[in-house]
Amino acid sequence: MADQPIPVFSPELVDEAAVDAAIEAKAIGAKIRRLRLKRSLGLVELGEQVGLSPSFLSQLETGRVTPTLRNLARIALVFKKELSYFFHEDTQSMFRVSRTKDRIRLQVGDKSAPVLISDSMSVLVPDRHIVPCIAEFLPGAAHAFHPHTFAGLEMIYAIDGSLIISTDNRTEVVEAQDSVWIDGHAKRVYRANEDRPVKALIVSFAQQS
């Protein structure tokens, strides 16, 4: 019996567009970016840890380049993840509504002389490293608020009114629609700048260990 010929497969049988779509569907770049931001790492800092250039990491996060398994393994080790983490489907989607009437407003400070009123919004947030709240700062020097220090970043967005934000070496007046990013390590004081309450959105991003 004559030997059967070995079939020759043409590379054209593989749809390159389908290959690109399959890789894109895994959203590897987005997962890397999410991990990096949770650790409050810049591209330069991550690049130093994994031995890759910041420009390459930027292209990787935006999907302009595809990582090799070796490079992906380096990144996985930095974030203490299994390599398979980057290939799992993101099956969980979130759509949660926090109604104003359902949220609890808490007084911060003494009941007789609260420093501010906090409208917590974190009950529906699955990632406890992110803590958002709406804060209403009461007027008067006695109502100055001294937030706890922590490893991470804090964002303050003034919704209504004028807010004074002070650290040991800097003081800024934040007007409505202004925003501030501040190091969570900083000893800081927030207080109303005028004789009326100030409303602001505060989001704390705790650094993951």
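Rule-based calculations on the coordinates, nothing more; no lab input. Since the structure is predicted, the reported quantities are computational estimates derived from the model, not experimental observations. In this analysis, Cβ positions are derived from the backbone assuming ideal geometry, glycine residues included, and neighbour counts consider all displayed protein chains.
Tabulated values for the structure
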quantity: Extension reserve of the Val65-Lys81 stretch, reckoned as 0.36 nm per residue once the Cα distance is removed; calculated: 3.7 nm
quantity: Set Lys80/Lys199; Lys111/Lys199; Lys38/Lys199; Lys31/Lys101 screened for pairs whose C-alpha atoms are more than 31 Å apart; calculated: Lys80/Lys199; Lys31/Lys101
quantity: Charge tally in the Cβ shell below 14 Å around His148, where Lys, Arg are +1 and Asp, Glu are -1, His148 excluded; calculated: 0
quantity: Rg and Dmax [Cα atoms of the stretch 100-206; Å; Rg one decimal, Dmax integer]; calculated: 13.2, 40
quantity: Cβ-Cβ FRET estimate between Arg105 and Glu175, R0 fixed at 30 Å, reported to 0.05; calculated: 0.80
quantity: Cβ crowding within 10 Å averaged over residues, with 140-147, 164-171 ranked highest first; calculated: 140-147, 164-171
quantity: Proxy reagent accessibility, fewest Cβ within 10 Å first, across Phe137, Phe150, Phe87; calculated: Phe87, Phe150, Phe137
quantity: Gain on full stretching of the segment that runs from Asp195 to Ile130 - 0.36 nm per residue minus C-alpha separation; calculated: 20.3 nm
